[in-house]
1. With each pseudo-label sitting 7 Å past Cα toward Cβ, what's the C:T40-B:L305 distance in nm, one decimal?
2. Among C:51-58, B:269-276, B:114-121, C:152-159, how do they line up from the highest to the lowest mean number of other beta-carbon atoms within 10 Å?
3. How large is ³J(HN,Hα), in whole Hz, for each residue of region C:235-244 in order, when computed from phi with the Karplus curve 6.51 cos²θ - 1.76 cosθ + 1.60 and θ = phi - 60°, using x for Gly and Pro?
4. To the nearest whole number, what is the average tally of beta carbon atoms from other chains within 10 Å of the beta carbons of peptide C:162-169?
5. If each residue's Cβ is checked for other Cβ atoms within 10 Å, how do A:S163, A:S131 rank with the fewest at the top?
6. What average number of partner chain Cβ atoms lie no more than 10 Å from the Cβ of the residues making up B:88-97?
7. In peptide B:185-194, what is the residue-averaged number of other protein chain Cβ atoms found within 10 Å of each Cβ?
8. Given R₀ = 60 Å, what would the calculated FRET efficiency be for C:S223 paired with A:S131, taking r from the Cβ atoms and rounding to 0.05?
Amino acid sequence: MSDTGSAMSELQARHLTRHFKIRVPGHVLSAKRIVRAVDDVSLDLRAGQVTAVVGESGSGKSVLARLLARILTPTAGELILRGTPIAAKARRSLAYASDVQLVLQDPFGSMNPVHQIHHNLIRPLRIHGASKDESRALAETALRRVSLEPPERFLDRFPHELSGGQLQRISIARALCVQPKVLLADEPISMLDVSVRLGVLNLLRGLCDDEQLAILYITHDIASARYLAEEIIVMYAGQVVEYSRGTTLVDAPTHPYTQLLIASVPDPSNPLSMAPHVGEQNLTTFAEQGCRFSPRCAQVMDICRTEEPPAFLVGESHTSKCWLYRDRPEASVELAIPKRRGEGATTTK
Amino acid sequence: MSTDALERRAAADVVAGAASPPSGSGMNERILQINDFCVDYGVDEGAVRAVDGVDLHLDRSKVLGVAGESGSGKSTLVYGFTRLLRAPALITGGTAFFNVGPASEGGPDEFIDLVTANEATLRRVRWTQISVVIQSALNALNPVVRVGSLFNQVFKAHRREMSRADRRTRAIELLELVGLNPDRLQRFPHELSGGQRQRVMIALALALDPQLVIMDEPTTALDVVTQREILGELAELRARFGFAMIFITHDLSLLVELADEIVVMYAGRLVERAGARALYDAPRHPYTLGLLNSFPPMHGERQELTGIPGAPPDLSDLPSGCAFHPRCPYAMERCAAERPPLAKLSEEGRYVACWLHVDEVHATVPVELRRAVPTTSAGEGGAT
Amino acid sequence: MKTLNLPRSPKVVLGLGITAFFLLLTIIGPYLAPFSPDDTSFAPNLTPSWHHWFGTTSLGQDIFSQTLVGARATIVVALVAGLVATALSTLVGVSAGYLGGFTDDGLSLMSNVFLAIPGLPLLIVIDSYLPVGSRSNALIIGLVISLTGWAWGARVLRAQTMSLRNRDFIEASRIIGERRWRIMLTEVAPNLLPVLASSLLFTVLYSIGAYVTLAYIGLTSSSVWNWGTMLFWAQANNAPLSGEWYWFVPPGVCIALVGTGLSLLNFGIDEFINPRLRESGLTARQRRRRGLPRRVRLGLTPVLRPVVAKASGPAATSKAAS
């Protein structure tokens, strides 16, 4: 725990929760179901450090990114930006927008097709108070920071004239040009060609090391999380199920879900016949009671079906939200791990 | 089309990499033979060559992996020889002989050229002998048709003799094959998860016992766990029914497990062809090596990987010579001037389109590109 | 700069030609007219001749001059109505689609009400309340017509905006802190241009119909010549019954032609939005020359046998190597 405090915490989330009400198909009038898209998630984003959030579709990882960027309002929980708590219901200020930036998944979709690249880069600068002449110079600097040289070659192009890798770099440049402290990247490489993915990952690594950015890297690809991140969080059904500093989580996973995830990664040394077989799953339905992974879990116990496990400390800076480790001490929230339900009531509003 | 015509045709293309098909009884093992296949988008000045002189062959019950990035022509190739491409695509050359089985009991297998086949022939062959599973099952399945009706439609179109009860029994059987509950027959596609929809697609593709199943990135849109399960099931189904498979993906490591042989495409051409394991353990083409190095590993020390510099080329403005040379760390003068042919290497069943391996005068093969293939796994697919 | 790759199909060229012709007529028509449209000094009921191209009315007016002069009022009113209606529908549609919630509910309700009320009776009612003096004012008539013609466009634009609203680039604008009205104006609206253009053409067409109808039933000032008043007078003087076809055919044909021109242009916009309609980018002549089927069918990729061996052909290289 000592090393976690060394880097400065730029953005902290405490017990962040977001529920959505959805209509249950077939019940037009009454039945609305509450989907706990993000449920009691706490994390620390520190300067010069990449935190990876790994999860499948439906794990709530994209909602988490939008909560952190404050383009979605949390149902409960709070955000602390450089030590200052931010009221959940307050309007998102321009200052917050310039401190915390989000890069979206689809590089082709996130550029307006009718505008040239300079519009995409200069608008944020203009909004955040730069003059017209300044903006162009700053936009060029931003393009250089993402290794697009010479910048003039890109500024007057239209998005459709550029490749996916270039557009994703421009997306990152757009986020960078307002000088954020925190960069949230929502699956930045999943839509890119295999051969250019590493380039974007290495770019993020460089920004983190050279400019002391705090980066949240959201992905479904656990191998890339292992490659890039100092901290890895695995999410399942809106909750953090496992967390570790370093690559411990990948090298020695403790939570059955993480184990399943890792066993599923295509790996030539792990033939298909050894594939875990969990049968038909509808990922949108999770257990309402107890551990949410219990219906799919191979090591399920009775307690899992009735009581939700807290996060247990399974190693140094390594926690696992699973009853298998109930003999271990419970982890505290300072480790960016949610406490047991109810205990966090004092910090939530 | 008779077999000797096919042999003549194939013999002419030996240099281009197509092994001549085995004669006599062994001939029956060949299911697909594609030679010198070209597809353009558009004509004249606006024409872009998306698939350029591809030679391929596939034997019964084998899995051929086609790997490549977007724009490499991997999808165009398979939708091209199945004649499913839409305008402005045009097939501009080549042949695609498909084994439709013996004309009479005990006779030699007949081959038809899909490129010259008329609509009636194609309709007869498609789905009964060649079926396709595409990437986005949500778009492929009609949202207002129940899963059960999808199966009904297929059987009604191709198996008129089946009764209502037969159709239902067979549909349930097929769903169970792909690990789905029979009550899914009553569902609409949007009520199923992505993995379930893709399973329905696979069940539909297998409905008429095809000889060849084409999988176009069937698992790309799915989560890893679901992907793993579906791939595992596919391997089982193939072992059980013995259909041949062409599997298209950008994920090489996935192919290594599943395929017997892998071809790697770049800018519309084959750059390497080898047994799956051999290709993974000892790639010969710099692009293949770069591609393999682009996947961060799950084991071992963390170290910085570089991937491949630059971006995939624009097909309408290809670099001269070898299309990969601007991104290639080993590029020589000759690479910019001349395009390397897909040449046979001295090793069994390996072909590579790279001057490093062909030009003995100017080139020394870098050590990364001449790793020995581990003897235990040479030429074997992981899925068997 | 971006080059606009306008489709050059014969349909679009013809549409452009017709529309341009009538726009020109709007400007120079009255100057070209050989006589005053009100001049009754000619012999009545003359059939078309060299002197009177379209003949004369039973009051002895030159029909050719009336047609030329009438073009201006008809088209100006239609343009005013079309522009105002499109502006209204953009304002309502984009706000409703982008803002959502109560704004959307209110605005949608309003446009649905306007859609549900039959346009022509409403027009007649509003028009009959207008002071007689203002009925000759093209602007006022145009405004009145636009009131009944914006709702359809608003619905289309609302739907388009709603699909755009969830696109990533709109979210990206929100992330950088762009204001809502600016997002609507600079990010959403430019993407609606093809739909806007199509909506404009549609409302102009509708407005011509509405204006001509109003004039035909005598609800506009008879002192302003337009194609509708010509039809009104022809009808009033029993022209269709007495065989004076040259009286009512010219304005009718003009209306039909303008309508055709605008519709053809609309096809062009459709092709621009949806390139798949462009028949694979091959012209009919190119197809014929290459012996390709005239129409491309689904599931049957055409095969083009090379007429001349391409030097770059892979077969050529590999075979040469042998």
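Bear in mind that the values in this text are calculations on the coordinates, not laboratory data. Fair warning: this is a prediction, and the values are worked out from it, not measured in the lab. A quick note on method: Cβ atoms are made from the backbone with ideal geometry, for glycine too, and the neighbour counts reach across all protein chains shown.
1. So the two model labels end up 9.3 nm from each other.
2. Ranking the peptides C:51-58, B:269-276, B:114-121, C:152-159 by packing returns B:269-276, C:152-159, C:51-58, B:114-121.
3. Rounded to whole hertz, the list is 5, 4, 9, 6, 4, x, 7, 8, x, 8.
4. Whole-number average of other-chain Cβ neighbours for C:162-169 is 4.
5. Ranking A:S163, A:S131 by Cβ neighbours within 10 Å, fewest first, gives A:S131, A:S163.
6. Rounded to a whole number, the mean comes out at 5.
7. Per residue, the number of nearby Cβ atoms from other chains is 2 on average.
8. Numbers: r = 57 Å, r/R0 = 0.95.
Efficiency for this residue pair is about 0.60.
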